[in-house]
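Chemist: Would you mind keeping the following structure in view while I ask a few things?
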Amino acid sequence: MRILAIVSGEYGARHVANLRANGPADWQIRVWQAPPVLPPVIDYPEDYLPAEIPSADLLLSFAELRGVAELIPDLAQICGAKAVIAPVDNEAWLPRGLARQLREWLEKIGVASATPKPLCSLTERDYGVTRRQRITYSDPYISAFAAHFGQPVLKIDVDPETRQIIGARVQRDAVCGCARYVAERLVGVSADDAGEKAGLLHHHFPCLASMGKDIDFDDTLMHVSGNVLKDNVESQVRLFRRIPFIAPGTRSE
């Protein structure tokens, strides 16, 4: 699969580095560096588009600049992309209204799209946009990407005698590499502490999703992202956890 990633800063650079290091060997990943500054309204997109751009099947937008979204339909047509993934990890970079418009623009030109909020809510068939809403999609390129990167899935092995984690394998990594980072540090952790430890490691990585409170989740996207990973770990160690019970005593006279 030929992938073109739009990058403008550390957020995108980290994502691309992880894709190149841990993605399938037959993926060809190219990068387009977005302009450092764009006007509030782009009247002539051609003024900001590159003279030459590599052909691609899938376009990934990791730009930390709101105006880049307005360039994506033209970029998709120029590079021949059949699908676009434009995550909402920060409302300042891609507001919810603009993400909705982007999906509509791309649909009109026959390009599939996904705007997962946050990026690590992406699966092979759907993605999150609010606390209770997920959008389904059907596209082979986005699904092929999401089979390897998106909503983190770890395979946890626990020793039933010691109740300690003895193995943690990545079945689907977060695009930024956070799930792999967490998995490498869970071995030896007690089942009792695994969920909390996973959440702390997620923050220590650190996650680059927004730390501002998001209206769609009534929480920060960093916490939403951390809870996705934490829930995946806790679901697998639940049977091995020791749950304390407090027996009420008797009152003395």
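Laboratory data are not the source of any read-out in this text; all were calculated from the coordinates shown. Quick caveat, the model's predicted, so the values are computed rather than measured. A quick note on method: Cβ atoms are made from the backbone with ideal geometry, for glycine too, and the neighbour counts reach across all protein chains shown.
Chemist: Identify which of Leu229, Leu98, Leu239 has the largest mean-square fluctuation in a Gaussian network model of the chain, with springs joining Cα atoms closer than 10 Å.
Modeler: Maximum fluctuation in the GNM of the chain, among the listed residues, is at Leu239.
Chemist: Kindly identify the range 2-146 as rounded, prolate or oblate by the Cα gyration tensor criterion: order the square roots of the eigenvalues as a ≥ b ≥ c, call it rounded if a/c is under 1.5, otherwise compare a/b with b/c, prolate if a/b is larger, else oblate. Intermediate values should be presented prior to the final figure.
Modeler: Numbers: a/c = 1.33, a/b = 1.10, b/c = 1.22.
In terms of gyration-tensor shape, rounded.
Chemist: Then there is this: log10 I(q)/I(0), Debye, Cα-only the range 153-240, no solvent, q = 0.18, 0.19, 0.22 Å⁻¹?
Modeler: Reported log10 I(q)/I(0), two decimals: -0.71, -0.78, -0.98.
Chemist: Can I ask one more? For the range 76-88, just list the computed ³J(HN,Hα) in residue order, Karplus coefficients 6.51, -1.76 and 1.60, θ = phi - 60°, integers in Hz, with x standing in for Gly and Pro.
Modeler: Karplus-based 3J(HN,Hα) across the range 76-88 equals 4, 5, 5, 8, x, 4, 8, 8, 9, 10, 10, x, 10 Hz.
Chemist: Any idea what the relative contact order of the chain is, in percent, if you count C-alpha pairs under 8 Å spaced at least 6 apart? Provide the component values of the computation, followed by the final result.
Modeler: Details: 472 pairs, mean separation 35.7, N = 253.
Computed over the chain, the figure is 14 percent.
Chemist: For the range 92-216, just run the numbers: alpha carbon Rg, then divide by 2.2 N^0.38 Å, N being how many residues it has. Can you show the working numbers first?
Modeler: Details: Rg = 17.0 Å, N = 125, 2.2 N^0.38 = 13.8 Å.
Here the answer is 1.24, to two decimals.
Chemist: Something else: In the range 12-112, which chymotrypsin sites (Phe, Trp or Tyr not before Pro) are in a loop and have at most 10 other Cβ atoms within 10 Å, using DSSP for the loop call?
Modeler: Details: sites: Trp27, Trp32, Tyr48, Phe62, Trp93, Trp105; in loops: Trp27, Tyr48, Trp93.
Filter output for the range 12-112: empty list.
Chemist: Further question on the same structure: Highest GNM mean-square fluctuation, the chain, Cα pairs closer than 10 Å: which of Pro73, Pro45, Pro160?
Modeler: Pro160
Chemist: Given the rule -39500 (n - 2.57) for each run of at least 4 DSSP H residues, summed and divided by the residues of the chain, what is its mean residue ellipticity at 222 nm, to the nearest 500 deg cm²/dmol? Kindly include the intermediate steps, with their values, before the conclusion.
Modeler: On the way: 7 runs with 80 residues, N = 253.
Mean residue ellipticity, 222 nm, calculated: -9500 deg cm²/dmol.
Chemist: Something else: Taking H placed 1.01 Å from N in the peptide plane, check which residues at least 5 places from Arg2 or on another chain put their amide H under 5 Å from its amide H.
Modeler: Distant-sequence amide H within range of Arg2: Gln28, Asp57, Leu58.
Chemist: Per-residue counts of other Cβ atoms within 10 Å, averaged by peptide: what ranking do you get for 135-148, 172-185, highest first? Kindly include the intermediate steps, with their values, before the conclusion.
Modeler: Numbers: 135-148: 17.4, 172-185: 22.6.
Packing order, densest peptide first, comes out as 172-185, 135-148.
Chemist: Continuing with the same structure: Given bins 5 angstrom wide, list per bin the percent of all Cα-Cα distances in the chain, short to long.
Modeler: Over the chain, the share of Cα pairs per 5 Å bin runs 1, 6, 13, 17, 18, 14, 11, 7, 5, 3, 2, 1, 1, 1, 0, 0, 0, 0 percent.
Chemist: Along the range 192-204, what does the Karplus equation 6.51 cos²θ - 1.76 cosθ + 1.60 (θ = phi - 60°) give for ³J(HN,Hα), rounded to whole Hz, x for Gly and Pro?
Modeler: Karplus-based 3J(HN,Hα) across the range 192-204 equals 5, 9, 4, x, 5, 5, 4, x, 5, 5, 4, 6, 6 Hz.
Chemist: Along the range 211-225, what does the Karplus equation 6.51 cos²θ - 1.76 cosθ + 1.60 (θ = phi - 60°) give for ³J(HN,Hα), rounded to whole Hz, x for Gly and Pro?
Modeler: Values per residue, Gly and Pro as x: 9, x, 5, 9, 5, 6, 10, 6, 6, 7, 5, 5, 5, 4, 4 Hz.
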